[in-house]
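These notes are about the structure you will find just below.
The values are calculated or read from the model by the stated rules, or taken from the named source; none is laboratory data. All of these numbers come straight from a predicted model, not from anything done at the bench. As a convention, Cβ positions derive from the backbone with ideal geometry for all residues, glycine included, and neighbour counts pool all protein chains shown.
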Amino acid sequence: MKIELFTMRYYHEIIDLWKRSGIEVSSSDTRDEIAKMLKRNPDLFLIGKENEKVIAVVMGAFDGRRGYVHHLAIDPDYQKKKYGKMMMDELIEKFHIKKVHKVIGKAQSGAPHEVLLVVDATMGQNAPNRPRQSQ
């Protein structure tokens, strides 16, 4: 899987991917709202592609102090291949470059999985390499 920055040309693909992955698409996911998110966080909005097909997406956001993770989704046909971990590793690295002190992720109500993500300022050289994924 190749990870790259999201552009609006993939808008309909990520909406479809979110729906197929069990993520509720709401009024905050309109084309205009996604464009606002992209403008504010262009380097934190990532997609994963395989054979030019978008199979993964995650929206990262940064308010100057904290990082946020929104709508991480992997195409159901491509799950169980550690693509979610790859997407999060890339996003966490981008947060690290920005010197984000805390990352907050919120589990989506009704999603087919459970997520708990806590990353704080201990991301330095003496910290564990990456957040651990619960099973």
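Only one of (1) over 21 Å from His96 (Cβ atoms); (2) at pLDDT below 95 fails for Asp32. Which number is that?
Among (1) over 21 Å from His96 (Cβ atoms); (2) at pLDDT below 95, Asp32 violates only (2).
Could you count how many residues in segment 81-100 are over 18 Å from Ile3 (Cβ atoms) and either touching a Phe, Trp or Tyr at 6+ places or on another chain (Cβ under 8 Å) or at pLDDT 90 or above (or both)?
1
Report yes if some residue within segment 99-106 is small (Gly, Ala, Ser) and assigned to a strand (DSSP E or B); otherwise report no.
yes
Kindly state which strands (runs of 3 or more DSSP E) lie completely within segment 1-97 and contain at least 1 residues that are among the small types (Gly, Ala, Ser) and surrounded by 14 or more Cβ atoms within 10 Å (Cβ to Cβ).
Passing ranges, in order: 45-50, 53-62, 66-74.
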